[in-house]
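Let me begin by presenting the structure, written as structure tokens, before commenting on it.
The values are calculated or read from the model by the stated rules, or taken from the named source; none is laboratory data. Given the structure is predicted, the values throughout are model-derived calculations rather than measurements. Because the Cβ atoms are built from the backbone with ideal geometry, glycine has one as well, and the counts that use them run over all protein chains shown.
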Amino acid sequence: MTSRRNFLKKSGLFGSALMMPGFNRLEQLTKTGKSASNGRKPLIISTWRHGLAANERAWEVLHQTGSILDAVEEGVKITEVDLDNRSVGLNGYPDREGIVTLDASIMDGKSGDCGSVCFLRQVKHPITLARMVMEETPHVMLAGEGARQFAMEMGVPLEEEILHPDAEKEYLKWLEEREYRPVINIENHDTIGMVGVDSEGNLAGTCTTSGLAFKMHGRVGDSPIIGAGLYVDNEVGAATATGLGETIIKVCGSFLVVELMRQGRSPQQACEEAVNRLIEKNSENIEDMQAGFIAVNKEGEYGGYAVHPGFDFAVHHQDGNILEDSKSHFTNS
């Protein structure tokens with residue numbers, strides 16, 4: 001199967017920022033390298049190129065409802081039903097048993113409340129179910145059959161378990177050798193994490209994924225784990241992660257980014273330090289393990305950083321919606 005970095009090179013995603021057709025407010029905007037140091041509110045930032053469409057929806061909802069929590073939920077729902085996405089939602093790649101399982105989390109910085117679901121099947125919008133866990137139960141996380149039962153109790157319809165044709169094709173190809181290598185570069189992106197700040201400095205975040213392709217049945221990554229895949233603190237800022245979840249969990253990555261910002265680091269500096277610590281903990285196998293962080297602080301400053309080149313993230317502020325190419329610890333040279 002085409003490696004992550006080879007795919008990116010072939011598809012032209014390995015380098016300068018790319019603009020999504022149709023986002024006409026900022027189509028000609030070029031990067032200056034200064035945006036991460038100039039705070040502006042409101043601001044929404046999300047992982048990968050699919051974050052452009054998600055950001056656009058989040059921005060619309062923010063201005064309709066005034067709620068940054070509503071915005072980050074509705075934004076990632078766009079990606080959860082994207083028919084071209086193989087790493088988020090029910091159209092994603094299955095586990096080694098041929099079953100798509102989903103993880104998601106949401107956090108409200110203003111209240112500190114959070115909710116998540118993991119190892120979830122047959123739910124179109126796991127992020128909305130995660131919010132229901134946050135608002136309708138005394139718990140933070142529900143898993144597996146319990147999460148599915150809760151969905152039914154809440155009137156959430158269960159979808160038929162049918163693999164997307166492209167996902168089924170790759171799964172059948174994988175079955176020929178059944179070789180499982182827990183690397184993240186098996187495709188061009190994974191997960192969507194979104195964090196945002198409103199004009200008053202209130203923060204919220206979401207993270208949702210179908211996880212690693214052909215993972216062990218029952219495997220859960222960082223996305224639904226508060227403090228690993230997502231963390232939000234209204235006093236400081238918010239961060240979310242993408243990449244190989246096991247490496248991110250080991251360093252409580254998103255919590256680490258927020259705590260570094262609390263200590264005075266900029267979002268960019270905090271993301272860089274978190275990646276450096278992740279590399280230290282996973283140095284033996286880091287060659288094929290991509291991971292990255294994005295963050296925003298209460299002032300509307302933001303940053304992003306990854307282990308390897310090829311990670312991009314979408315940023316939406318009052319001047320428009322743009323895709324930025326993240327800096328990385330390792331370079332192409």
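Figures for the structure shown
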| item | result |
| --- | --- |
| Any hit, the range 280-302, residues being touching a helix residue (DSSP H, G or I) at 6+ places or on another chain (Cβ under 9 Å), crowded, with 21+ Cβ neighbours inside 10 Å and assigned to a helix (DSSP H, G or I) | no |
| Condition check for I99: in contact (Cβ under 8 Å) with a residue 24 or more places away in the chain and part of a loop (DSSP other than H, G, I, E, B) | yes |
| Yes/no for R148 being among the basic types (K, R), more than 20 Å from D190 (Cβ to Cβ) and crowded, with 21+ Cβ neighbours inside 10 Å | no |
| Residue match in the range 81-93 (condition: under 19 Å from W48 (Cβ atoms), free of Cβ contacts under 8 Å to residues at least 60 places away in the same chain and among the aliphatic types (A, V, I, L, M)) | yes |
| From the options A36, A71, residue that is closer than 21 Å to S254 by Cβ, at pLDDT below 95 and of a type outside the set (S, T, Y) | A36 |
| Test result for G253, surrounded by fewer than 20 Cβ atoms within 10 Å (Cβ to Cβ), in contact with a strand residue (DSSP E or B) (Cβ under 9 Å, 6 or more places away or on another chain) and modelled with pLDDT of 95 or more | no |
| Qualifying residue in the range 96-105 (condition: of a type in the set (S, T, N, Q) and under 20 Å from L69 (Cα atoms)) | yes |
| Any hit, the range 198-220, residues being within 21 Å of G310 (Cα to Cα), surrounded by fewer than 24 Cβ atoms within 10 Å (Cβ to Cβ) and not hydrophobic (A, V, I, L, M, F, W, C) | no |
| Verdict on G320 being modelled with pLDDT of 95 or more and under 17 Å from the mean Cα position of the chain (by Cα) | no |
| N285 over 22 Å from I106 (Cβ atoms), at pLDDT below 95 and polar (S, T, N, Q) | yes |
| Members of the range 242-272 that are of a type outside the set (S, T, Y), in contact (Cβ under 8 Å) with a residue 40 or more places away in the chain and under 17 Å from T208 (Cα atoms) | G243, L244, E246, I248, G253 |
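Rundown of residues vs (1) surrounded by fewer than 22 Cβ atoms within 10 Å (Cβ to Cβ); (2) over 17 Å from the mean Cα position of the chain (by Cα), yes/no style:
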{"residue": "G89", "(1), (2)": "no, no"}
{"residue": "P94", "(1), (2)": "no, yes"}
{"residue": "A104", "(1), (2)": "no, no"}
{"residue": "M107", "(1), (2)": "no, no"}
{"residue": "S111", "(1), (2)": "yes, yes"}
{"residue": "G115", "(1), (2)": "no, no"}
